[in-house]
Structures are given as C-alpha cells and as structure tokens.
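Below: one structure, written as structure tokens.
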Amino acid sequence: MSELKVYIGAYIPDEKSIEENGARKVAYAFEARDEKHARAKLSFAFIEEYPGAQDAAFKSFLCEDAPGMPRPTLNVWDENFLYEYDWSEELGHPVTRIEEPKSVDFNKLSGEQKIAVLVKYSTADITTDMLPDALELTQDEAGTFPGHIVEAISKTPAIVAMYPERIIEAIQYVVKKCATTSKWPDIKAQLANWQSGLNPERTEPESTEKLRTPSGTTAGGGNPTDRNPDVVHDFNSLALEIALGIHARAMDFDIYNLRSAHINRAKEIIKYKEKPFPALFDAFRNTPGVLDYSRAMIIYAVKTAPENIESTPGKLSHYLNTTLTESDHEHPDPRMIAIACGTHTDESSQGEPALQEDTPEPERQGPFYYRTPQGEVGRANKLVKLTAVIEQGCEEITREQYTELKNAPSYDDVSKQLAAQRGEYVEGISDPNDPKWVKTEVQPEVKNHGNGVFSIDGLMGEQAKPAAPVASGEGEKAEEARVVATPTPVDFQSVAASLEKDMANKNDEAQDNLAIWRSVMRTDPRFTKQMAGMGFEGTSINAEYMIMRATEIFGPIGSRWGFEILEDQMIPGAPFSEAVYEDKKFICNRMLRDGDGTLLYEQNHSIKIRLWYQIGADEGSVYAYGATPYMFKTKHGIKCDGEAQKKSLTDALKKALSLLGFSADVWLGLYDLPEYLAENNTEFAIKNASEKAEDITRLRAELDEKMTSVANTIETAVTPNEAKKVFDTLAREIEIHRKAAEAKGDAEHAKYLASRLRRLNTIKDARIKSLNEQQEQTA
C-alpha cells in the first residue's frame, strides 16, 4: 500500500457569488494516495460540507503539501485561511500575503517634507516605504545638490504655498540652470528669477479651490462642457458617467436624456464594483484635467475601450492618453456623440474624418512560446506573462521552434555521447563487460623490507597489479586473492598521485617549465575556507596567503614581482525590475526606468591586470580579469557594494597567480575529494609542527589513540569490506607519519609505526578470515 500524502485544496467563488450570496473562500487539508484520488476526495468533501453551495460558481485548486508551505488544519474546512494567505495561480500553491505599503497623505506633510518628496520623486503620489529616502535630503544628504534645492525652496514661502505641479516646475528650472555644485543661496537666486518670469494672469489665486487627482495635479471642473451648467461636476458624477459607459456597451440610450432605469443600473455597477469599473474609475481619476472633458467624451472612451484592456499594466493609461484628445468640451464631435448614444452607422461616417487614428488592436490570444538567453524554452498562456519575460531578455518563438528545441537532446546527453565516442567510459552507454573496461585486482598487502621497515605501497598504489599465474607452492596465497571485474574507479590516488608521477616523468625541458608550478601547487589547509550557502559550494583560498607564497618564490612585491591595472570599468548587468500587484495579487514584473525613460541596469565592476614577475634575468607576465557586483538587487532592495574595486583587484590577483600554478590542487578539484583533503591536512600538520616539540608530542599521542580505536573497530567489524576500509584509511595516515619520521632521521619512531601497522594488519586479516568462515557456515 502506498504512503498517504498531504494535499491542500481550495474553493474560491467568483465576485458575483460573493456579492449576491455571501460566498466565502474556503481551504481544506487532507490525506490521499495520489493526485487523482485527492481531487475526487476534495470534491466529495466540499459537497458534503457545503450542500447549498452547488449553485454558486466556485473555482477549485489543489496542490501537494511541501515543507515551508502554509496550510490549514488537517481535515478541517477553514473559512479564514485564504483571507490570511493568497493562492498563487502562477505557483500553484498558497503563499504568504504580501502587505502593500500604504499611501502617504501628501497634504498632511510639513512644507519641508513636501519639498523633499517632490525633489526626490517629482510626484506627490508616494507610499510609506518611499518617505524615509526623501527625508534623507533634509538630514544626512542635506549637503548634496538635491538637499540644497530642498533648503532653497523651503526658504521661499511663496513657492512652498504653490500647488505640487508648479513646485515641480520650479525644481526642473533650477536643475537646468544651476550647476550640481551650487549651494542653496545660488539656487534661491535662480528661484527668484523663475518667480519673476511667471505670467500673473496664469497664477492661481490661493482662495481658489479646485479638485485634485490623487497625485495632487488639478482635476479641472471649471470649464464649460456639454453638461447642464447648474449641475456640479465632480468625481461622483464622473463615476456615474463611467458606469453609464459600461452600461452603454450592453444597450443604446440617449446620454443627454437619461431615464431612471439607466441611472439605477449605473449606480448598481458602482455599488457592487462590477468589472471593469474599479480599474477604469481609478485610471480616469488619475488623469489630469479629467473633469474638463465632456460627458460624450467620457462615455465614448469607456464604450469603445477594448475588452480586458485593464488587465495589461500600462495599456489603459496609454489608451486614455491617446483617446482623450477633445479640445471643444462644450461642443463635442457629432460622430463621437452618435457612437456614445448608439445611433452611429457606417453610412453616417462616410466623408467624416476619423475620430481616432490609432484604434487599439485586439489583444492576442495564447498560448505563446519564448526562449531564454540561456537557451531554455518556456510557454506563457497569457499575454501578460509573455510581455514580462520579453522585458527580462527572453525572445518570442513559434510553436514549431518550441517543439523542436524542447525535443532536442540535452547538453548533458550530447556530452556523454561525445565522451563515449572519444573512447571514455560512460555509465549507461559503454558496455561494462567490454575487455578494455575489465581489470583484475588483488588484495593489497604490507611488504616487509627488513630491519623493521614496512611498505604499504600496495595500499597507496594508483591501481592494483594484474594477478599473476599461481605457482603450485602458493596455493594459500591464491585462495586469499580476489579478482574483481569492474570499470576503473577514479579516486584521490589515481588523480593526485598520477599527477605528481606525470610531472616527475617529464623531460628536462618540461621539468624546468613546471618548476614554479610544482613548488606552489600544494595549499596549506589553514589558509582555506569551505564556502557553502552563497549560491555555490567550494574552497576559498586566502588571498594574503597566495601573495605570501608569491613573495617566497619571487621576492618582495614591487621589486621582483607586481601588477599593473590595464582596465577599470563598470559593466551593465540585468535590468532592474519590480513586482506589480493588483488587488494584492501578483501580475507581472515591470522594468524600472530612469527619468529620461532609459532602463536601469545592475552594475558590475570589472578590472583587468597584468601580473609581472622575474626569474633570474628573465621577466614574465600573465593577464587576468576580476569582477564584483557593484549595484544589484536583493530581497531587501537595491544594494551598492562600496568595496567592489578592492574585491575585484583581489579576485584578479588570485586568478593571475593561479595561472602560474599557485594552489593548483584547489583549482584542479583535489580539495573536493575527502581522501586527498585528509592526506593533505596530515602532511601540513606534521610540517607545521616540525619546529615545536609539544606539537610533535601531541600529534603522536593523537595517532596512538586513533590506532587503538581503529583496532577495536576492526575487531568488531560486521563485514570484511568494513574491516578492510577502516584499516586502509588509517594505513594511509600512518604511512605519511612514517615517511616524515624517516625524512627527519627518527628511525626509532619509524620502526615503532611499522610495528603498529603490522599489528593492525594482523588484526584485520584475522577478522576477515573469521567473517568469511561465518559466511561459509551459514551458506
């Protein structure tokens, strides 16, 4: 029986059911065998819990639970869960609800704060998270050019009392006229020139009160239009006319002779916020001077707007900007009135100029296909997603191209096939029974050279020697030998040992060329650090250690070796973007743009150096690049690294020295092999402790404790393989200590280690023999 899994289901009603029947969004967590079983179980559970909800239009969702994913209580219908969390249709599971920053009431700010906001953002429509950056212009950034602009305007009360759009004009004027090094007295003098050039007839009296858009611009309302002059036209009447425009899509009526049925229907649209009224009203309300346009213009713009235009960010605003082109608000175009009232015919339009030159094209329907800069392909069911991925650098492709690229073999498959064709062994492709992949191995042994000296080269060898013909007097040895047929394994011995062996077998010229490489290729593990959790894993080398090693080989930096900076530049990276939400739901990512409309990009610092060095009378040089992200986006916002140049230089120096062989064992990947790392740690520990008697004593005591512990482990091993593996690991370490003792002339300690190794080998052989006998008895 398969194990039960936890699934999360949700039923979300449409807006009409919510308004008319009071339906709520509900969620349910339960256990099921698989997705098919889960869907059936969810449907029956919903009908059983809410039998009266069958007539309501619900949309069901289902996903499998995962660690870190929010979910309701198991086997309990939760009517509050989806009001605390959102169900992401794009991700297919519930997510934590993102709280949108609240809007700031611009009129409640002090005069200085208002000026700081306008200087920073050139708009009065800001949110709470934007305010602190603006207020920095009055505090830590008061000494900058924008900070002096804030101070200069704050010291000019006449400008502070103006409307926001007029203050923005003053800011733009001084930015154009003043140098960026100007102080507030000079800026204030330019503000006086700007004030003197204002047209007194266009100056708005302080006593005049006009309706304003949420951004603070004038909404209009003082000009004569086609409406009754006795009727006050404000945002409430604007909302009614927008609702009439939506109603006019379904039926025709005289917009100047409204009946109660039409007005009541328009009020229902406003009351229940029927789509697309909320989006249309918000867009019209944010349009400067919207109250100056005629009733015919408003109803016409709503009635002729393309379906679902509000679902694409920025499209509705562009439509209004190109449609609201009326100049004579009191006498609208007759053709526009005919279309708004529904009396327009094709014949009546003959010979009349077109009211709008660029009629919006109907929205394309999915599915759409695209390819990323990395060569991966994807599919988008909606135009919104396609637009977002194209802005991020993707390319739209046809369905045929999508199918061809998706069915093409992957890069890894092609690499494996090419490796097999080159004669390399590839698992799943090469035949493991092929004679060229089969080798024979014999049980490694410890050789006695006499005088208490032993060798474990059989354990440390690159590969086992082929089994030789067995003589008649060596029957017991032949019984102990085991033949293994398997592809050649690659471990630390066959990489590190073979590398040093290859270097030693080179000709004289190659030996001279590798002189620097061989002397600096090994890395002291004290100056390395394992990197993990930063998007990559690996070994980091201390840059100062590599510089110290270069000084040991060449001499002091600046006299015998050094570097020269050839390039120092900033390279643009990916464009910045921000998430766009509508009704707290993610819509797409929008590219951030500068004030002139150009895209804002991440910045990466790049540096190129020439590293030179002297060997005798000869001088050599290598070239290397270093790079560091300078300005980039994080989950906490945009971050700027003030030490990018220093990090890039360090990166370039390390890369240049690595080309000469410095710390080559790290770059060759040997530090990723645990066996090599253990051997290297032991060798450098002995080397670093060679001048300290207490360290030598400590290392020997630790080795004695380890040999005693391993002996006990071998005696209690449950399989022959376990006993052999434990012995082999310690044998390598003992051999390193024995060779170090011989190199220092300590024959007594070398003899002691050889005897302990011989004893461990005896214990291992005895345990393996005992285990083999037990297996034969149970067989």
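Checked against the criterion of being hydrophobic (A, V, I, L, M, F, W, C) and modelled with pLDDT of 90 or more, the candidates 678, 685, 627, 617 yield just one match: 627. Selection of first residues in the stretch 716-737 that are not assigned by TED's automatic domain parsing to the domain that holds residue 760 and of second residues that are not in a helix (DSSP H, G or I), restricted to Cβ pairs under 9 Å at least 6 apart or on distinct chains, gives an empty result.
Figure legend. Inter-residue proximity from the stretch 305-331: first residues without any contact (Cβ under 8 Å) to a residue 24 or more places away in the chain, second residues among the aromatic types (Phe, Trp, Tyr), beta-carbon distance below 8 Å, spacing 6+ or different chains. No pairs are indicated.
Okay, residues lined up against (1) under 24 Å from residue 589 (Cα atoms); (2) surrounded by 14 or more Cβ atoms within 10 Å (Cβ to Cβ):
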position	(1), (2)
246	no, yes
250	no, no
290	no, yes
309	yes, yes
325	no, no
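The sole residue among 543, 550, 574 that is closer than 30 Å to residue 122 by Cα and hydrophobic (A, V, I, L, M, F, W, C) is 574. State yes or no: is residue 129 outside the structural domain of residue 67 (by TED's automatic domain parsing), within 30 Å of residue 382 (Cβ to Cβ) and exposed (fewer than 14 other Cβ atoms within 10 Å of the Cβ)? When the stated conditions are applied, residue 129 passes them.
Any residue at all in the stretch 135-155 that's buried (at least 19 other Cβ atoms within 10 Å of the Cβ) and acidic (Asp, Glu)? There is at least one residue in the stretch 135-155 that is buried (at least 19 other Cβ atoms within 10 Å of the Cβ) and acidic (Asp, Glu). When residues in the stretch 26-80 are screened for being in contact (Cβ under 8 Å) with a residue 60 or more places away in the chain and either assigned to a loop (DSSP other than H, G, I, E, B) or buried (at least 18 other Cβ atoms within 10 Å of the Cβ) (or both), 5 of them pass.
The strands (runs of 3 or more DSSP E) located wholly in the stretch 509-625 that include 3 or more residues which are touching a residue at least 40 places away in the same chain (Cβ under 8 Å) occupy 538-541, 561-575, 577-582, 585-591, 601-615. Among the residues of the stretch 250-279, those identified as touching a helix residue (DSSP H, G or I) at 6+ places or on another chain (Cβ under 7 Å) and within 25 Å of residue 331 (Cβ to Cβ) are 252, 253, 254, 255, 262, 266.
Annotation note: Cβ proximity below 7 Å between a residue of the stretch 113-129 that is within 19 Å of residue 286 (Cβ to Cβ) and a residue that is among the polar types (S, T, N, Q) (sequence gap 6+ or interchain) occurs for 123/215; 124/215; 125/215; 127/103. If you go through the stretch 254-282 and keep only what is farther than 30 Å from residue 22 by Cβ and surrounded by fewer than 20 Cβ atoms within 10 Å (Cβ to Cβ), you end up with 254, 256, 257, 258, 259. Count of the stretch 626-649 residues, restricted to those that are surrounded by fewer than 18 Cβ atoms within 10 Å (Cβ to Cβ) and assigned to a helix (DSSP H, G or I), is 2. Checking the structure you have, find out if any residue of the stretch 46-64 is at pLDDT 90 or above and small (Gly, Ala, Ser). Scanning the stretch 46-64, I find no residue that is at pLDDT 90 or above and small (Gly, Ala, Ser), so the answer is no. Of all the listed residues (153, 159), the sole one being at pLDDT 90 or above and out of contact with any Cys (no Cβ under 8 Å at 6 or more places or on another chain) is 153.
Say we look at the stretch 579-624 and pick out the residues that are of a type in the set (A, V, I, L, M, F, W, C) and touching a helix residue (DSSP H, G or I) at 6+ places or on another chain (Cβ under 6 Å); which of these is nearest to residue 393 (Cα to Cα)? Across the stretch 579-624, the extreme among qualifying residues is 591. Scanning the stretch 703-730 for residues that are among the hydroxyl-bearing types (Ser, Thr, Tyr), in a helix (DSSP H, G or I) and at pLDDT 80 or above yields 708, 709, 713.
Of the listed requirements (1) outside any loop (DSSP other than H, G, I, E, B); (2) closer than 21 Å to residue 166 by Cα; (3) at pLDDT 85 or above, residue 123 misses just one: (1). Taking the conditions (1) under 20 Å from residue 666 (Cβ atoms); (2) among the charged types (D, E, K, R); (3) in contact with a Leu (Cβ under 7 Å, 6 or more places away or on another chain) in turn, residue 526 satisfies each one other than (3). Of the residues making up the stretch 107-119, one or more are among the polar types (S, T, N, Q) and assigned to a helix (DSSP H, G or I).
Hey, does the stretch 29-42 have a residue that's over 19 Å from residue 64 (Cα atoms) and in the same structural domain as residue 64 (by TED's automatic domain parsing)? Checking the stretch 29-42: not a single residue is over 19 Å from residue 64 (Cα atoms) and in the same structural domain as residue 64 (by TED's automatic domain parsing).
The values are calculated or read from the model by the stated rules, or taken from the named source; none is laboratory data. Just so you know, these numbers come straight off a predicted model, no measurement behind them. Don't worry about glycine lacking a Cβ; one is built from the backbone with ideal geometry, like all the others, and counts go over all protein chains shown.
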